[in-house]
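Scroll down for the structure; my scribbles are underneath it.
The values are calculated or read from the model by the stated rules, or taken from the named source; none is laboratory data. For clarity, every value in this text was computed on a predicted model and none was experimentally measured. Here the Cβ positions follow ideal geometry from the backbone for every residue, glycine too, while neighbour counts run over all protein chains shown.
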Amino acid sequence: MTGANPTTALGVEVVPDIGKLKAYTKAKQSVAREVRLLKRFFAQHGDPARADECQELTVRLAEDRFTLAVLGQFKRGKSSLMNAVIGRDLLPTGILPLTSAITVLRYGPQERLVVHREGFTFPEEAPVWRLAEYVTEKGNPANRKKVKEACLELPLAFLRRGLEFVDTPGVGSTIEANTATAYGYLPQCDAVLFVTSVDTPLTKIEVDFLGRIREHVRKIFFVINKTDLLGQAERDEVLRFVSDALKTLVGGQAIRVFPLSCRMGLEAKTAGDMDAYAASGLKVLEEALAEFLSSEKASTFLTSVLDKALRLITEASLHNADAVAVRDGLAKRSKTVQRRLLHLEDQLAGDAARSVLPTEPGPSPEIPPPVEQAPSAICEADLEQDLRTRGCPVCQPMGRAVSDFFAHWQYALSSDEAAQTAFAAEIGFCPLHTWQLFALSSPQGISLGYPRLLERLSSELSRAAGLPTTTGAVPRIPDSRNCRVCRLLREVERAHTRRLADFVQTAEGRQAYARSQGVCLRHLDLLVKAVAHEEASQFLLAEAARRFEEIAEDMQNFAMKREALRRALHNQDEEDAYVRGVIRVVGEKRVCVPWDTDGYI
């Protein structure tokens, strides 16, 4: 599996290859399914104690949130390192000791800052640009505002799968509160990026701090920052010195030191320069982080959960055929999951192959011919605003058009004789839009607007009753081909599809589209046919594949956390994934898609 394309012109986020992190998430969800089945089995067979133990295993899986903290002496470039990893100059940096409070970067579908303060029951939400007011010495000297942590939620793939990336105050400055904060955070760390620098590497303060870190954390990534300040020979000398000193400190254990320039790494990511990105040393560090988070952590944690589940069924006092079948099935599937954990690259290849299932080709909707004049509301629509919707950015303006139409029509139908006459002449709308109008209208409005239509139908049926044959004499209500509302939707759909197709063929358009939720399947098919270049088609299909995978993952995480009674862990993507998933398949429910064929069930 290849890594993310770093070309910023395509609107793609520059991140290390996170394929193995995806594989870990899939493996965890597989384990959760096995535990869920086992819990149900114990509950059905009168063993509530073991069912409760399965529930605890589910809780463990649901609370899988890995804390990777950046620690070190003050002014080593810890915040700069985090900026480089996320590819944005977001965390405050400067010459003086800066960070005074804990800053946690975690995933969120939209950027926002949530500040937790001591003595406050509810967190405070603030604009992202105000971060410095809470976490810097200038904005919050010695943490006088009692900030426990400032949580910065960002829609970054690096953070998406449960990773909390934490910036801490530096130790060793004259501000004792900062040192106390950093030391106090150590028990919450799962892994650490320990940052020193080439100017004064491994001071006594750093050595003492490293000793305390090792009391709480097994996995430490050793980073030497600011390598751009030295020539190659001096860099090599510093690297040898730090490596030898660290080996002595850790008792001769094998270690790996990552020399890099955070400044160069951030500049390279921003520019999409992969050569400079690699030369900065940042690429190697990020690949090592992804490897650890996907393999070492995964194999230890998930294998432990599986072993506990197997032990429960083995020790259970159930000897019937059902128990034996459950035990054998779980054992077999557990071995499969464990093999996948040991060979994540093979798992990725297998998952990719299995995701392409042979299907019978179905009919694809054709691009409607262009209309001479789209409604003015369509021409004034803001494409970028539509792309920010949680629904489909083509269904969205179609839905607005329908809502605006009915808002006008239901009033006109109840009060305007000309509208009533036109409505009767067309025999109303198609069934779907008739019921949509019904839902928006009052009983009095329907009673005022419909009599003229019913009178016309009565007249036509009376005329047909006097004819020699009644074959084909029953009036036909409109279908999608001649319904006034369907006609409007076709015009809106045509205009917006073409405008969006033109937009995504620009660099700005692709960046905006990559940040969006993407379109539903029907409009994806229309878009792919409407774009002029194969590169744009491939971009649209790749983005759709990514979104479908992420929504499926969000649905499973929602179900698992809800089952584990950990609803507070849901993020917005997980909470509305079930709606977004259905919309991506069939479009938004308020939109009547003008299919070629109508029918009743």
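Considering only the range 165-173, I want to know if a residue exists there that is under 30 Å from Arg390 (Cα atoms) and either in a strand (DSSP E or B) or in contact with an Asp or Glu (Cβ under 7 Å, 6 or more places away or on another chain) (or both). Quick ask: steps written out before the conclusion?
As a first pass, look at the range 165-173 and keep what is under 30 Å from Arg390 (Cα atoms): 165-166.
Next, only the ones that are either in a strand (DSSP E or B) or in contact with an Asp or Glu (Cβ under 7 Å, 6 or more places away or on another chain) (or both) stay: 165-166.
Within the range 165-173, one or more residues are under 30 Å from Arg390 (Cα atoms) and either in a strand (DSSP E or B) or in contact with an Asp or Glu (Cβ under 7 Å, 6 or more places away or on another chain) (or both).
Among the candidates Leu113, Leu163, which residue alone is more than 25 Å from Arg214 (Cα to Cα) and either of a type in the set (Asp, Glu) or in contact with a helix residue (DSSP H, G or I) (Cβ under 7 Å, 6 or more places away or on another chain) (or both)? Outline the logic, then answer.
Values: Leu163 fails: more than 25 Å from Arg214 (Cα to Cα).
The match here is Leu113.
When residues in the range 496-509 are screened for being buried (at least 19 other Cβ atoms within 10 Å of the Cβ) and more than 25 Å from Arg580 (Cα to Cα), 0 of them pass.
The number of residues in the range 482-516 being in contact (Cβ under 8 Å) with a residue 12 or more places away in the chain and not in a helix (DSSP H, G or I) comes to 5. Could you check, for the range 433-442, whether at least one of its residues is over 26 Å from Val579 (Cα atoms) and more than 46 Å from the chain's Cα centre (by Cα)? No, that holds for no residue.
Yes or no, residue by residue, for (1) modelled with pLDDT under 50; (2) closer than 19 Å to Phe548 by Cβ; (3) among the aliphatic types (A, V, I, L, M):
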residue: Val15; (1), (2), (3): yes, no, yes
residue: Arg33; (1), (2), (3): no, no, no
residue: Leu37; (1), (2), (3): no, no, yes
residue: Phe41; (1), (2), (3): no, no, no
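Scanning the range 243-266 for residues that are without any contact (Cβ under 8 Å) to a residue 12 or more places away in the chain and either buried (at least 16 other Cβ atoms within 10 Å of the Cβ) or of a type in the set (Lys, Arg) (or both) yields one hit, Lys247. Using the structure shown, decide if Glu345 is at pLDDT below 85 and either farther than 21 Å from Gly518 by Cα or not acidic (Asp, Glu) (or both). In short, yes.
Part of a helix (DSSP H, G or I), assigned by TED's automatic domain parsing to the domain that holds Val474, modelled with pLDDT of 90 or more and surrounded by fewer than 22 Cβ atoms within 10 Å (Cβ to Cβ): does that describe Leu432? Judged against the criteria, Leu432 is not a match. In a residue-by-residue description of the range 567-582, the property of being farther than 30 Å from Glu53 by Cβ, surrounded by fewer than 15 Cβ atoms within 10 Å (Cβ to Cβ), in the same structural domain as Arg499 (by TED's automatic domain parsing) and modelled with pLDDT of 90 or more applies to at least one position. Kindly indicate whether Tyr107 is surrounded by 19 or more Cβ atoms within 10 Å (Cβ to Cβ), closer than 30 Å to Pro259 by Cα and in the same structural domain as Ala309 (by TED's automatic domain parsing). Taking the combined requirement at face value, the residue does not satisfy it. Only a single item in (1) in a helix (DSSP H, G or I); (2) surrounded by 20 or more Cβ atoms within 10 Å (Cβ to Cβ); (3) under 20 Å from the mean Cα position of the chain (by Cα) is not met by Leu57, and it is number (3). If you check Val519 against the conditions, is it at pLDDT 90 or above and outside any helix (DSSP H, G or I)? For Val519, the condition - at pLDDT 90 or above and outside any helix (DSSP H, G or I) - is met. Apart from one condition, Ile224 fits all of (1) more than 37 Å from the chain's Cα centre (by Cα); (2) modelled with pLDDT of 90 or more; the exception is (1).
Of the numbered criteria (1) of a type outside the set (S, T, N, Q); (2) part of a helix (DSSP H, G or I); (3) closer than 30 Å to Gln396 by Cα; (4) touching a residue at least 12 places away in the same chain (Cβ under 8 Å), the one Leu457 fails is (3). Limited to the range 523-534, what total is found for residues that are part of a helix (DSSP H, G or I) and at pLDDT 90 or above? So the count comes out to 8.
Suppose we filter the range 558-588 for residues that are β-branched (Val, Ile, Thr) and not in a helix (DSSP H, G or I); how many remain? Write out each step before concluding.
Step one: filter the range 558-588 for residues β-branched (Val, Ile, Thr), giving 579, 582-583, 585-586.
Now drop any that are not not in a helix (DSSP H, G or I), which leaves none.
Looking only at that region, the number is 0.
Assess whether Ile224 counts as being more than 30 Å from Val115 (Cβ to Cβ), in contact with a helix residue (DSSP H, G or I) (Cβ under 8 Å, 6 or more places away or on another chain) and not acidic (Asp, Glu). So Ile224 fits the description; yes.
Going by the structure shown, is Glu267 modelled with pLDDT under 90, in a helix (DSSP H, G or I), among the acidic types (Asp, Glu) and out of contact with any Lys or Arg (no Cβ under 9 Å at 6 or more places or on another chain)?
Spelling it out, it is not the case that Glu267 is modelled with pLDDT under 90, in a helix (DSSP H, G or I), among the acidic types (Asp, Glu) and out of contact with any Lys or Arg (no Cβ under 9 Å at 6 or more places or on another chain).
For the residues Ala552, Ala542, the requirement of being without any contact (Cβ under 8 Å) to a residue 24 or more places away in the chain and either surrounded by fewer than 16 Cβ atoms within 10 Å (Cβ to Cβ) or assigned to a helix (DSSP H, G or I) (or both) singles out Ala542.
Yes/no per residue for (1) at pLDDT below 85; (2) touching a helix residue (DSSP H, G or I) at 6+ places or on another chain (Cβ under 6 Å):
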{"site": "Ile378", "(1), (2)": "yes, yes"}
{"site": "Gln396", "(1), (2)": "no, yes"}
{"site": "Val402", "(1), (2)": "no, no"}
{"site": "Ile427", "(1), (2)": "no, no"}
{"site": "Gln436", "(1), (2)": "no, no"}
{"site": "Ile446", "(1), (2)": "no, no"}
{"site": "Gly449", "(1), (2)": "no, yes"}
{"site": "Leu457", "(1), (2)": "no, no"}
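Quick grid of which residues meet (1) within 30 Å of Phe406 (Cβ to Cβ); (2) surrounded by 19 or more Cβ atoms within 10 Å (Cβ to Cβ); (3) more than 20 Å from the chain's Cα centre (by Cα):
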{"position": "Arg481", "(1), (2), (3)": "yes, no, yes"}
{"position": "Arg494", "(1), (2), (3)": "yes, yes, yes"}
{"position": "Gln511", "(1), (2), (3)": "no, no, no"}
{"position": "Gln538", "(1), (2), (3)": "no, no, yes"}
{"position": "Asn557", "(1), (2), (3)": "no, yes, no"}
{"position": "Glu563", "(1), (2), (3)": "no, no, yes"}
